[in-house]
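Colleague: Questions regarding the structure given below will be posed in turn.
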Amino acid sequence: MWYSRTVSRRPTSYAVDPNVAEVAALIGDAARAVILLALIDGRELPASELAFRAGASPSSASAHLAKLVDGGLLKVTAAGRQRLFRLASPEVGHALETLAAIARPARIVALNQNFAMERLRAARSCYDHLAGRLGVAVTDALLARDALARTGSAYEVTQRGKKLFGRLGIDLTEARQVRRNFARPCLDWTERRPHLAGSLGAALMQHFLSAGWVARSPRDRALRVTPKGCAELERHFRIRL
């Protein structure tokens, strides 16, 4: 008589894949996720501020921060008696933004939540580049004006683009020398369309900030377009706000 039996199978070799489960476990805790998202604008924040945003006690926040540093997601620097935390790399910010694009949106139950969401939708930083409606509009304008061209999973700067970025004072050679992607699309989690990321996106946002076109919010990663910014966006990108 034929019969079958269950045979236990053991791995014949050790796994060589990256330890995704370890990183997922670090991000998967609710308090640690809030801490990471609080730092997604690329700035440094002290432990006390991160504890407040996560709704955690100082001791609990300290334990979470230690795990995130040990896991390679955060870096810490000493500033006098304070310890300032930031995301370890642009790749961490990109991973968080990608997760936000596939996560279910937060349930809006209060008016201040609605105001905060509208500010983030209008304009915000995604680690070190522009996001929200502003980031998508700028990227669309660069493509429409033939300053950028989509080539597979990246953007390339055209001859027109070299002139436009030159007028803005953005050094393309310097941006290319940074050890990261030069120009790539990043899916915007509120607009569900790509905005410009990479070292070129970072250089563009830095110009917007230093030229006074946008200003950071002290509360979150929302950006406010200034009156000067409105005029310059229309002049350089034909974006009318």
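Bear in mind these aren't lab numbers, they're just calculated from the coordinates by the rules spelled out. The structure presented is a predicted model; accordingly, all values stated were derived computationally and were not measured. As a convention, Cβ positions derive from the backbone with ideal geometry for all residues, glycine included, and neighbour counts pool all protein chains shown.
Colleague: Using the Karplus equation 6.51 cos²θ - 1.76 cosθ + 1.60 (θ = phi - 60°), what ³J(HN,Hα) coupling, rounded to whole Hz, does each residue of the stretch 27-44 give in order, writing x for Gly and Pro?
Modeller: Listing the rounded values in order: 6, x, 6, 4, 5, 5, 5, 5, 4, 5, 5, 5, 9, 6, 7, x, 8, 9 Hz.
Colleague: Sort 151-163, 221-233 by packing, meaning the average of other beta carbons within 10 Å per residue, with the highest value first. Intermediate values should be presented prior to the final figure.
Modeller: Numbers: 151-163: 13.9, 221-233: 17.3.
So the peptides 151-163, 221-233, ranked by packing, come out 221-233, 151-163.
Colleague: Between helix 90-102 and the chain, what is the angle of the helix's C-alpha long axis to the longest principal axis, kept within 0 to 90° and rounded to the nearest 10?
Modeller: In the chain, helix 90-102 runs at an angle near 80 degrees to the longest axis.
Colleague: On a straight-distance basis, which lysines could pair with Lys67 in a cross-link, Cα separation under 22 angstrom, same-chain partners fewer than 8 positions away excluded?
Modeller: Output for Lys67: Lys75.
Colleague: What is the ratio of the Cα radius of gyration of the chain to 2.2 N^0.38 Å, with N the residue count, to two decimals? Write down the numbers at each step before the final one.
Modeller: Values: Rg = 21.2 Å, N = 241, 2.2 N^0.38 = 17.7 Å.
Expressed relative to 2.2 N^0.38 Å, the Cα Rg reads 1.20.
Colleague: Okay, moving on. Need one number: nm distance between label points at Ala21 and Arg176, each 7 Å from Cα along Cα→Cβ, rounded to one decimal.
Modeller: Here the answer is 4.4 nm between the modelled labels.
Colleague: Related question: For the stretch 192-211 and the stretch 166-189, what is the separation of their C-alpha centers, rounded to whole Å?
Modeller: What the calculation gives is 7 Å, centre to centre.
Colleague: Going by amide H atoms built from the backbone, whose H comes under 5 Å of the H on Arg124, apart from near neighbours?
Modeller: The list, which skips near neighbours in sequence, is Ala131, Gly132, Leu134, Gly135, Leu223.
Colleague: Rounded to a whole number, what is D in µm²/s for the stretch 88-156 from Stokes-Einstein with the Kirkwood radius over alpha-carbon pairs (10 °C, 1.306 mPa s)?
Modeller: On the way: Rh = 14.0 Å.
Translational diffusion coefficient: 113 µm²/s.
Colleague: I would also like to ask the following. For the stretch 106-237, what is one quarter of the convex hull surface built on the Cα atoms, given in nm²?
Modeller: 8.5
Colleague: In nanometres, what is the gap between the two model label sites at Ala215 and Asn112, each 7 Å from Cα along Cα-to-Cβ?
Modeller: The answer from the label model is 2.1 nm.
Colleague: A further question on this structure: Amide H of Leu74: which non-local residues (sequence gap of 5 or more, or other chain) have their own amide H closer than 5 Å, using H built in the peptide plane?
Modeller: Residues meeting the criterion, in which the H sits 1.01 Å from N, are Val69, Ala88.
Colleague: Shifting gears a bit: Could you state the angle between the C-alpha long axis of helix 58-70 and the longest principal axis of the C-alpha atoms of the chain, as a value from 0 to 90 degrees rounded to the nearest 10?
Modeller: Once rounded, one gets 90 degrees.
Colleague: All other residues with a Cβ under 12 Å from the Cβ of Ala38 taken together, and with Lys, Arg as +1 and Asp, Glu as -1, what is their net charge? Show your work: numbers first, answer last.
Modeller: Values: positive: Arg32, Arg43, Arg53, Arg86, Arg219, Arg221; negative: Asp41, Glu44, Glu49, Asp220.
Cβ neighbours under 12 Å give a net charge of +2.
Colleague: Then there is this: What number comes out for the charge environment of Arg124, summing +1 per Lys or Arg and -1 per Asp or Glu over other residues with Cβ under 14 Å away?
Modeller: +1
Colleague: Moving on to the next point. Starting from the alpha-carbon convex hull of the stretch 42-98, give the projected area averaged over all orientations, in nm².
Modeller: The directionally averaged projection comes out at 4.0 nm².
Colleague: Collect residues whose amide H, placed 1.01 Å from N in the peptide plane, falls under 5 Å from the amide H of Leu148; neighbours closer than 5 in sequence don't count.
Modeller: The answer is Leu143, Thr158.
Colleague: Considering the chain as a Gaussian network with a 10 Å cut-off on Cα pairs, which listed residue, Arg133, Arg81, Arg32, attains the greatest mean-square fluctuation?
Modeller: Arg81
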